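Structure record follows, encoded as structure tokens.
The values are calculated or read from the model by the stated rules, or taken from the named source; none is laboratory data. Bear in mind that the values here come from a model prediction, so they are computed numbers and not experimental data. Note that each Cβ is placed from the backbone with ideal geometry, even for glycine, and that neighbours are counted across all protein chains shown. Ligands, DNA and RNA are stripped out before the accessible areas are found, and what is left, the full protein with its side chains, is counted by its heavy atoms. Shrake-Rupley method; radii C 1.70, N 1.55, O 1.52, S 1.80 Å.
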Amino acid sequence: MSMDSRLAQAAGLNQKDKATAYQSILTDLLARPDQATLAQDLHILVENVVQESTGLVIGRQVLSELAKALEVGIVQDVGLRKQIVQDTLDIIQPRIVSYEEQVNSLRFQLADILEADHEWSEAARVLMGISLDAGQRATEDKFKILLRIVRLLLEDEDSVQAETYYNRAALLAPSTQDKEALLSFKLCQARISDYSRKFLEAAARYHELSWVTEIDEDDRAHMLSAAVTCAVLAPAGPNRSRMLASLCRDERTAEQPSYNILLKMFHDRILRAAEIKDFEGTLKPHQLAKIAPSSNDRLASAISDDNDISDPNASKRTGPSTVLDRAVMEHNLLASSKIYNNITFSGLGALLDLTPGAAETMARRMIEQGRLKGSIDQVEKLIVFESSHDEDDAQGKAGGLGDVEQTAEDTGAPFTKRWDMQIRITAANVESIVQHLTEKGLVTFESQA
């Protein structure tokens, strides 16, 4: 008997026999060895059972059986199964409210197929169609669905939409007891901060997760590597110095490929272009994103440069071009404040490979944000750095010598006083080191007759 004949015969039966007839048709279709026309035949069957004349109860029963059969893998061909699921969802769409449970089951299956094919965004969109507020769905199940959507969107680097669903998941996190889901939630939090270029937050969260023993060791090593990368890319300043100190105290970072750059940044050493070439190759696309200066920064740089005497050998760059470029320039600017008491705009521009006006703009912004202590003398075209022990407190005293208490002589000249204090501290430190070595018997002094 043909498919149309069996459907016509089933339509004329009473409700009790009609349900048995439709289920029998479905079973026979799925049991056929030749599945060449299976998708078309199921399309006709589903169209018939979702009609109002068939009845809602019968429609739900048949669709539930179909969803269950597809889930257990009766249809082996993945492409064919994907086609059947998509076609069935399209047919049910106008009456989705009546078949919510069956639609959700089919959506989960379609999302699994798309995720296996690395179609991350498509899989996320399928899950977005699931109504979380309807029915008796448990809070923990809602949390896991939202978390899966976030993870899928992040795989395609869609951090903006991922953050929207992350915020929804955050409202349900306190009600969740599943440790694995909570760890995945924290990882998504770190990745969103990373993609949003909030590198300091991302570094702290990655580093925290790298200590969680429940996570696989290889994954923990990957998170530690991500923490180091984000710390290097973070905006220069006291907060980053504390993060660098925390990572340098972690013995595991010595095995990281980026350890040398991490160490140089921690010790406030100036980085050269050749030193960051290998590190640049390890970055992800969003960490190499192009950046453009604001209109105010461009205007300020242009005005400053117009007032300068043009130097044919001076750099023509008006600002950093990438996220890494900006991180290295800001670090070198902060490192120069540890070396020099003051520096001219042109000197800083030569150091950072920027025009004098762009160098001044970068220094001005860092001073405004409290990441660099100093002042700008625009008449003399000079940046004056202020000494600060805040970052020393964050990183610890070199050699464990501690603070050296000195009483400064009031000479009336601030730069002379500062120079005298540096000499006093250096001499006191040398004396402490010599005394320590003498007590250990590592050096001896011969008395002269």
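Candidates are the residues of region 253-285 that are hydroxyl-bearing (Ser, Thr, Tyr) and farther than 14 Å from residue 324 by Cα; the one that is least open to solvent (accessible area, probe 1.4 Å) is 253.
Residue count for region 87-108 satisfying the condition of being assigned to a loop (DSSP other than H, G, I, E, B), crowded, with 17+ Cβ neighbours inside 10 Å and among the polar types (S, T, N, Q): 0.
The residues of region 336-345 that are within 20 Å of residue 315 (Cα to Cα) and either at pLDDT below 90 or open to solvent by less than 50 Å² (accessible area, probe 1.4 Å) (or both), listed by number, are 336, 343, 345.
Being at negative phi, more than 13 Å from the chain's Cα centre (by Cα) and open to solvent by less than 20 Å² (accessible area, probe 1.4 Å): is that true of residue 236 here? Yes. So, of the residues in region 147-161 that are of a type in the set (A, V, I, L, M, F, W, C) and buried (at least 19 other Cβ atoms within 10 Å of the Cβ), which turns out to be nearest to residue 61 (Cα to Cα)? My answer is 149. Taken as a whole, the condition of being within 23 Å of residue 327 (Cβ to Cβ) and not in a helix (DSSP H, G or I) does not apply to residue 205. In a residue-by-residue description of region 173-187, the property of being open to solvent by less than 10 Å² (accessible area, probe 1.4 Å) and under 30 Å from residue 263 (Cβ atoms) applies to no position. The set of residues in region 352-386 that are buried (at least 19 other Cβ atoms within 10 Å of the Cβ) and of a type in the set (A, V, I, L, M, F, W, C) comprises 352, 354, 358, 359, 362, 363, 366, 372, 383, 385.
Okay, residues lined up against (1) over 20 Å from residue 90 (Cα atoms); (2) assigned to a helix (DSSP H, G or I); (3) of a type in the set (A, V, I, L, M, F, W, C):
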{"position": "7", "(1), (2), (3)": "yes, yes, yes"}
{"position": "18", "(1), (2), (3)": "yes, yes, no"}
{"position": "34", "(1), (2), (3)": "yes, no, no"}
{"position": "44", "(1), (2), (3)": "no, yes, yes"}
{"position": "52", "(1), (2), (3)": "no, no, no"}
{"position": "61", "(1), (2), (3)": "no, yes, no"}
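What about residue 25, is it open to solvent by less than 10 Å² (accessible area, probe 1.4 Å) and either without any contact (Cβ under 8 Å) to a residue 24 or more places away in the chain or of a type in the set (Phe, Trp, Tyr) (or both)? In short, yes.
Would you say residue 302 is at negative phi, modelled with pLDDT under 80 and not in a loop (DSSP other than H, G, I, E, B)? The answer is yes for residue 302. Just for region 123-164: of the residues that are in a helix (DSSP H, G or I) and among the β-branched types (Val, Ile, Thr), which one is nearest to residue 176 (Cα to Cα)? Only one residue tops the list, namely 139.
Number of residues in region 113-146 that are surrounded by 16 or more Cβ atoms within 10 Å (Cβ to Cβ) and over 18 Å from residue 167 (Cα atoms): the value is 8. Scanning region 71-86 for residues that are open to solvent by 50 Å² or more (accessible area, probe 1.4 Å) and assigned to a loop (DSSP other than H, G, I, E, B) turns up 72, 74, 76, 77.
Taking residues in region 215-233 that are among the charged types (D, E, K, R), and partners anywhere that are assigned to a helix (DSSP H, G or I), the pairs with Cβ atoms closer than 8 Å and at least 6 places apart or on different chains are 220/209. Would you point out the residue of region 65-105, among those that are without any contact (Cβ under 8 Å) to a residue 40 or more places away in the chain and among the aliphatic types (A, V, I, L, M), that is nearest to residue 32 (Cα to Cα)? Within region 65-105, the match that is nearest to residue 32 (Cα to Cα) is 70. Considering only residues of region 211-225 that are open to solvent by less than 100 Å² (accessible area, probe 1.4 Å) and part of a helix (DSSP H, G or I), which is farthest from residue 178 (Cα to Cα)? Selected residue: 225. Reported count of residues in region 188-200, each being open to solvent by 40 Å² or more (accessible area, probe 1.4 Å) and either in contact with a Cys (Cβ under 7 Å, 6 or more places away or on another chain) or in contact (Cβ under 8 Å) with a residue 60 or more places away in the chain (or both), is 1.
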